[in-house]
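The values are calculated or read from the model by the stated rules, or taken from the named source; none is laboratory data. Keep in mind that this is a model prediction, so the values were computed, not measured. All Cβ positions, glycine included, derive from the backbone under ideal geometry; neighbour counts span all protein chains shown.
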Amino acid sequence: MKKFVLLFISLSLVSVSFCQYQNSFDSTDKLASVDSIIHTLYDVISGPAGQQRDWNLFKSLFADDAKMYIAIPDKNNSTSLKSIAPEEYAQRNQTRLADIGFNEAELYRIINSYGSGTQVFSTYESHFTNKNGEEEMMKGINNIQLFFDGERYYIVSIFWDANAKNIEVPERYLPKDKNTKYQINL
């Protein structure tokens with residue numbers, strides 16, 4: 001019986017701790033709209049060389065069991081799909097993004113929503129330093145799925161193509177001019 005009580009207390013403390021971690025960001029406006037969660041996603045992974053990223057904020061953007069999918073070119077001129085959890089992404093990039101100075105900003109977006117689900121096609125531009133110490137720029141598209149629970153948005157999945165620098169972004173996914181509003185529900 002004592003073991004059961006100790007187990008129950010331990011699980012309760014872990015549950016309270018986890019809920020506090022999850023809710024520590026829930027009250028901010030960074031998660032209350034599609035616009036704010038997308039901007040927060042880009043902001044949290046961006047920064048100059050030497051600047052640590054807020055990986056707790058990054059992880060708070062995602063739903064439980066969320067996945068990140070990357071299309072990666074392989075040696076046979078085909079593409080393979082890799083998936084990682086947001087926690088893995090944070091661990092892999094904890095020092096890498098700060099070392100190279102990585103900045104990614106949204107250029108344009110197309111949003112489709114139905115019920116509690118939203119799909120965002122988000123065109124981005126990245127600036128970073130490559131292995132040779134040279135500044136590089138790349139454009140691509142993040143395909144982001146969101147869930148809205150009535151209070152805040154959660155990222156369910158993100159898919160992008162790691163070969164983006166070799167793929168031209170079609171004109172329809174680029175801003176027409178500086179003042180272009182986002183396209184919604186096309």
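Which of the residues belonging to segment 37-69 are free of Cβ contacts under 8 Å to residues at least 40 places away in the same chain, polar (S, T, N, Q) and crowded, with 16+ Cβ neighbours inside 10 Å?
To start, the set of residues in segment 37-69 that are free of Cβ contacts under 8 Å to residues at least 40 places away in the same chain comprises 40, 43-44, 54-60, 64-65.
Of the ones still in play, those that are also polar (S, T, N, Q) are 40, 56, 60.
40, 60, listed by residue number.
With respect to residue 18, determine if the residue is at pLDDT 95 or above and either in contact with a His (Cβ under 6 Å, 6 or more places away or on another chain) or within 21 Å of residue 153 (Cβ to Cβ) (or both). Reasoning before the result, please.
On the way: at pLDDT 95 or above: no; either in contact with a His (Cβ under 6 Å, 6 or more places away or on another chain) or within 21 Å of residue 153 (Cβ to Cβ) (or both): yes.
For residue 18, the condition - at pLDDT 95 or above and either in contact with a His (Cβ under 6 Å, 6 or more places away or on another chain) or within 21 Å of residue 153 (Cβ to Cβ) (or both) - is not met.
For residue 100, are the conditions met, namely being surrounded by 12 or more Cβ atoms within 10 Å (Cβ to Cβ) and within 24 Å of residue 175 (Cβ to Cβ)? Walk me through how you get there before you give the answer.
Working: surrounded by 12 or more Cβ atoms within 10 Å (Cβ to Cβ): yes; within 24 Å of residue 175 (Cβ to Cβ): no.
Judged against the criteria, residue 100 is not a match.
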_For the condition out of contact with any Lys or Arg (no Cβ under 9 Å at 6 or more places or on another chain), within 30 Å of residue 162 (Cβ to Cβ) and either at pLDDT below 85 or not in a helix (DSSP H, G or I) (or both), what is the one hit in 75, 59, 3?_
75
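Could you run through segment 54-82 and say how many residues are of a type in the set (Ser, Thr, Tyr), touching a strand residue (DSSP E or B) at 6+ places or on another chain (Cβ under 8 Å) and farther than 30 Å from residue 29 by Cβ?
Taking segment 54-82 first, the residues of a type in the set (Ser, Thr, Tyr) are 60, 69, 78-80.
Those still in the list that are touching a strand residue (DSSP E or B) at 6+ places or on another chain (Cβ under 8 Å) too: 69, 79-80.
Cutting the leftovers down to farther than 30 Å from residue 29 by Cβ gives us 79-80.
Summing the residues that are of a type in the set (Ser, Thr, Tyr), touching a strand residue (DSSP E or B) at 6+ places or on another chain (Cβ under 8 Å) and farther than 30 Å from residue 29 by Cβ in segment 54-82 gives 2.
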*From (1) assigned to a helix (DSSP H, G or I); (2) more than 17 Å from the chain's Cα centre (by Cα); (3) among the aliphatic types (A, V, I, L, M), pick out the condition that doesn't hold for residue 97.*
(2)
*asked:* Is it the case, given these coordinates, that residue 85 is hydrophobic (A, V, I, L, M, F, W, C), surrounded by fewer than 16 Cβ atoms within 10 Å (Cβ to Cβ), closer than 24 Å to residue 31 by Cα and modelled with pLDDT of 95 or more?
replied: yes
*May I ask you to list the residues in segment 106-152 that are modelled with pLDDT under 95, assigned to a strand (DSSP E or B) and exposed (fewer than 14 other Cβ atoms within 10 Å of the Cβ)?*
135, 136, 137
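Within segment 77-84, identify whether any single residue is under 15 Å from the mean Cα position of the chain (by Cα) and within 17 Å of residue 142 (Cβ to Cβ), and answer yes or no. Full working, then the answer.
The first filter runs over segment 77-84 and keeps only residues under 15 Å from the mean Cα position of the chain (by Cα), leaving 83-84.
Imposing the further condition that a residue be within 17 Å of residue 142 (Cβ to Cβ) reduces the set to 83-84.
Yes, some residue in segment 77-84 is under 15 Å from the mean Cα position of the chain (by Cα) and within 17 Å of residue 142 (Cβ to Cβ).
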